[in-house]
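> One structure coming up, written as structure tokens, with questions to follow.
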Amino acid sequence: MDFRLGQKKIKEKRMRQILPNGMPNPKGEPLANIENIAKQFPKSSSKTNMEAYMSKDIKQILPMLASNGKPSQIEAALESDDWVAEFKFDGFRYVAQWDSKGAHFTSRKTSVKTGKQVDKSENIPHLTRRIKSLDGTILDGEITVLDDSGNSNSVSRIMGCDPEKAIARQEEEGYVIYRVWDCICFKGLDIEKLPYRKRRKYLVKALTLIELHNSKMYQYVQKSKSYLDKKALLKKVDEKGLEGIILKNRDSEYMQGKRSPHMWLKVKKIQTYDVVITGFEAPDKYSWVKHPSAKQIKSKPEMKWNRERGCHVYKVLNRFYEKKWIGAIAIGVYRGKKMIDVGTVSGMTDKIREQLSKNQAKFTDTALEIKAQEFQDNGFRHGRFVKFRDDKNIKDCTWDNIQTVKPTYK
């Protein structure tokens, strides 16, 4: 078959499956009918018609965040019946809002162009179907792959590209789903100030309405209450290959864009690994900080609003760059006789950073202990410096060893 003819057929297949408004076309309307269908929807001057698809009433909502609790706080929450536990999934956080156009999915990120939260609804048309009885409802959850053990890299391939690629990849690799754990607004009724235990009742009502429309792509995130249930949930994290759990106070309000150790706590699996220092990376020249020094303020640094942090941040000369210190440690492990790169880590104290910066040759090819959530795709997730391992032979820092590390929870 001629290559161009093959490409044309593929494009026609996708056009039959997706209507001009980004919604699914399960009946596979003929291409000749597409123009007639398009007349039902507003036109847009942009490359996509997302601006026309989006309602002007879409609220700018920053999801509530969970705190990294101290061990004593976590243990107290696990033992208390005032706290419940939910699985923590490895995906991308999105708020879903229903109106007369359907469901809109906005992320935590803010668009540089519009100053509003990024809307990725066109990438997931199978989740955006309008459910009239849900107009005015807002849910909080995570876009994930169907397989519990899937990671955020799989979701990034879908949510981080243009709509056409996102749809094509889902056709080949499977559709993403929306795992829901909170209800912020129900049919126009603002319930943010209600306690978590009451909001969950509204969430059940919302998901019941979704199930009535035969949508299997929304999943309710189950919670466990008792001490034994929460401990059992934590054990299942390993079995399912999940990130950890979230502990939530049953009386907590929904606080947009904020976090409190008295409301929600993250309990993530943490694993330690022995690796070899293979070199060092220079720091970036500039960094964005919340509290610049008086000296930095005098230089009139560039300022911008960081919506995720809820404050202004300033572009200043990176102090590591200014002091001629290293930015990060390059690390590797042995695979057979060959040293392979497994990324970089940071997180050391200023004293250790200065020590490393002034004695790079001395520390190269020595053992180091790091902590991370997990090792995946030839790299560590959220790797951080722990300590030097002078007692460790670098030949024992192997690929096989980092594959068999058992996690602890913090």
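> Please list, ordered by first then second residue, the pairs with beta carbon atoms under 8 Å, 6 or more apart or interchain, first in segment 282-296 and in contact (Cβ under 8 Å) with a residue 12 or more places away in the chain, second among the hydrophobic types (A, V, I, L, M, F, W, C) and in a loop (DSSP other than H, G, I, E, B).
Ala282/Ile326; Pro283/Trp325; Pro283/Ile326
> Restricting to segment 176-191, name every residue that is at positive phi and not small (Gly, Ala, Ser).
Result: Lys187, single match.
> Run Asp229 past the list (1) modelled with pLDDT under 90; (2) under 25 Å from the mean Cα position of the chain (by Cα); (3) not in a loop (DSSP other than H, G, I, E, B) and report the number of the one that doesn't hold.
Tallying (1) modelled with pLDDT under 90; (2) under 25 Å from the mean Cα position of the chain (by Cα); (3) not in a loop (DSSP other than H, G, I, E, B), Asp229 fails exactly one: (2).
> Is it true that some residue in segment 236-254 is of a type in the set (A, V, I, L, M) and surrounded by fewer than 17 Cβ atoms within 10 Å (Cβ to Cβ)?
no
> Which ones in segment 87-123 are in a loop (DSSP other than H, G, I, E, B) and hydrophobic (A, V, I, L, M, F, W, C)?
Across segment 87-123, the qualifying residues are Phe89, Val112.
> Shifting gears a bit: Tell me whether segment 157-180 contains one or more residues that are acidic (Asp, Glu) and buried (at least 17 other Cβ atoms within 10 Å of the Cβ).
no
> What number goes with the only condition from (1) among the aliphatic types (A, V, I, L, M); (2) in contact (Cβ under 8 Å) with a residue 60 or more places away in the chain; (3) in the same structural domain as Lys193 (by TED's automatic domain parsing) that Val267 does not pass?
In the conditions (1) among the aliphatic types (A, V, I, L, M); (2) in contact (Cβ under 8 Å) with a residue 60 or more places away in the chain; (3) in the same structural domain as Lys193 (by TED's automatic domain parsing), Val267 misses (3) alone.
> List every residue pair whose Cβ atoms lie under 6 Å apart, where the two residues are 6 or more positions apart in sequence or sit on different chains, the first residue falls within segment 71-92 and is not assigned by TED's automatic domain parsing to the domain that holds Ser107 and surrounded by fewer than 19 Cβ atoms within 10 Å (Cβ to Cβ), and the second residue, located anywhere, is at pLDDT 90 or above and of a type outside the set (Ser, Thr, Tyr).
Partner pairs satisfying both residue conditions: none exist.
> Sticking with this structure for a sec: Would you be able to say whether some residue in segment 198-205 is touching a Gly at 6+ places or on another chain (Cβ under 9 Å), farther than 19 Å from Asp99 by Cα, in the same structural domain as Ala77 (by TED's automatic domain parsing) and not small (Gly, Ala, Ser)?
Within segment 198-205, not a single residue is touching a Gly at 6+ places or on another chain (Cβ under 9 Å), farther than 19 Å from Asp99 by Cα, in the same structural domain as Ala77 (by TED's automatic domain parsing) and not small (Gly, Ala, Ser).
> Tell me, which residue of segment 85-117 that is aliphatic (A, V, I, L, M) and out of contact with any Asp or Glu (no Cβ under 9 Å at 6 or more places or on another chain) is farthest from Pro195 (Cα to Cα)?
Among them, the one singled out is Val112.
> Right, next: For segment 307-334, which positions are in contact with a Phe, Trp or Tyr (Cβ under 9 Å, 6 or more places away or on another chain), in a strand (DSSP E or B) and surrounded by 13 or more Cβ atoms within 10 Å (Cβ to Cβ)?
Val313, Tyr314, Lys315, Val316, Leu317, Ala328, Ile329, Ala330, Ile331, Val333, Tyr334
> For segment 263-288, which residues satisfy the criterion of being part of a strand (DSSP E or B), under 29 Å from Glu253 (Cα atoms) and of a type in the set (A, V, I, L, M)?
Leu265, Val267, Ile270
The values are calculated or read from the model by the stated rules, or taken from the named source; none is laboratory data. What you are looking at is a predicted structure, and each value in this text was computed from that prediction instead of being measured. Every residue, glycine as well, gets a Cβ built from its backbone with ideal geometry; the counts of neighbours run over all protein chains shown.
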